[in-house]
1. Condition test on THR95, is it over 11 Å from the mean Cα position of the chain (by Cα), on the phi < 0 side of the Ramachandran plot and surrounded by fewer than 22 Cβ atoms within 10 Å (Cβ to Cβ)?
2. Select from the range 110-131 the residues that are over 20 Å from SER24 (Cα atoms) and in contact (Cβ under 8 Å) with a residue 60 or more places away in the chain and list them in ascending order.
3. Against the definition (under 19 Å from the mean Cα position of the chain (by Cα) and among the acidic types (Asp, Glu)), how does GLU9 come out, yes or no?
4. Show me the strands (runs of 3 or more DSSP E) found entirely inside the range 1-45 where at least 1 residues are open to solvent by 10 Å² or more (accessible area, probe 1.4 Å), among the hydroxyl-bearing types (Ser, Thr, Tyr) and in contact (Cβ under 8 Å) with a residue 12 or more places away in the chain.
5. If a residue has to be open to solvent by less than 50 Å² (accessible area, probe 1.4 Å), closer than 19 Å to GLY28 by Cα and either of a type outside the set (Phe, Trp, Tyr) or not in a strand (DSSP E or B) (or both) to count, how many in the range 60-73 make the cut?
6. Please go through the range 60-86 and give me each residue that is among the small types (Gly, Ala, Ser) and at pLDDT 95 or above, ordered by number.
7. Mind telling me which of the residues ASN122, ASN90, ASN50, ASN57 ends up being more than 20 Å from ALA2 (Cβ to Cβ), open to solvent by 10 Å² or more (accessible area, probe 1.4 Å), at pLDDT 95 or above and not aromatic (Phe, Trp, Tyr)?
Amino acid sequence: MAEEQKGTESDDSLYGGDGADYLSGGTGNDRLEGGDGDDTFVQDFSQSGNNTIFDFNPDEDTIDFQGIDSSSELSITETEDGGTFIDAGNGSTLTITGVTPDQLTTDNVTIGGESLSGEDLNLQSTLVDLAAATASTDGGLDALSGALDGATQQGGAPAAGSAAGAGGGAVGIDLAVDEVETEEADEAQVEKVAVGP
């Protein structure tokens with residue numbers, strides 16, 4: 001049976017059942033496990049907390065990203081144990097255990113409940129395009145959809161004029177690559193993205 005579970009302002013552990021569950025941790029450090037079925041996990045980056053999805057199945061589950069705005073400073077990295085770590089730069093993070101960033105596709109990622117189109121998904125570029133479109137269009141969904149379509153169809157590269165020119169107000173996107181200090185510092189890099197007005 002499908003269940004909808006929403007967390008509180010505290011640290012929560014949410015567990016789905018055998019059906020298509022909807023889990024939204026909310027504020028706090030939350031543990032999310034959907035169980036069997038086609039589950040939807042909501043990550044709202046406007047709410048502080050460090051959420052972890054423990055049983056994401058790229059073949060059937062979905063992550064719905066929400067709360068990304070022009071002030072988001074996003075970074076997406078692969079963890080040493082083969083997971084994904086997404087940091088919004090505002091005290092809100094998401095860890096997906098056992099799933100690397102390249103395993104997330106247009107089939108298992110939505111933005112604000114909206115499906116993405118295209119064949120390839122570069123999660124970093126798609127989320128940056130979302131922040132840029134939000135900043136330049138007062139949050140208009142038409143320009144956002146164009147930016148997301150362009151990003152996914154071009155393997156994550158912003159389509160010419162899609163995000164920055166969508167609403168007439170250009171947005172500056174600064175990209176920098178910083179080395180991650182780990183045992184394999186020569187091989188690991190983190191893209192930090194700052195989106196400004």
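The values are calculated or read from the model by the stated rules, or taken from the named source; none is laboratory data. Small disclaimer: the values here were computed from a predicted structure and weren't measured. When we count neighbours, we look across all protein chains shown, and the Cβ atoms used for this are built from the backbone with ideal geometry, even at glycine. Ligands, DNA and RNA are excluded from the accessible area calculation, which covers all protein heavy atoms including side chains. Shrake-Rupley method; radii C 1.70, N 1.55, O 1.52, S 1.80 Å.
1. Working: over 11 Å from the mean Cα position of the chain (by Cα): no; on the phi < 0 side of the Ramachandran plot: yes; surrounded by fewer than 22 Cβ atoms within 10 Å (Cβ to Cβ): yes.
No: the conditions fail for THR95.
2. GLN124, VAL128, LEU130, ALA131
3. Numbers: under 19 Å from the mean Cα position of the chain (by Cα): no; among the acidic types (Asp, Glu): yes.
The answer is no for GLU9.
4. Of the strands (runs of 3 or more DSSP E) lying wholly inside the range 1-45, those with at least 1 residues that are open to solvent by 10 Å² or more (accessible area, probe 1.4 Å), among the hydroxyl-bearing types (Ser, Thr, Tyr) and in contact (Cβ under 8 Å) with a residue 12 or more places away in the chain span 13-15, 22-24, 40-44.
5. Residues of the range 60-73 that are open to solvent by less than 50 Å² (accessible area, probe 1.4 Å), as a first pass: 61-65, 67-68, 70, 72.
Still in the list and also closer than 19 Å to GLY28 by Cα: 63-65, 67-68, 72.
From what's left, either of a type outside the set (Phe, Trp, Tyr) or not in a strand (DSSP E or B) (or both): 63-64, 67-68, 72.
The qualifying residues number 5.
6. Kept after step one, since they are among the small types (Gly, Ala, Ser), are these residues of the range 60-86: 67, 70-72, 75, 82-83.
If the condition is that a residue be among the small types (Gly, Ala, Ser) and at pLDDT 95 or above, then GLY82, GLY83 are the ones that fit.
7. Working: ASN122 fails: at pLDDT 95 or above; ASN90 fails: at pLDDT 95 or above; ASN57 fails: more than 20 Å from ALA2 (Cβ to Cβ).
None of the others qualify; the one that does is ASN50.
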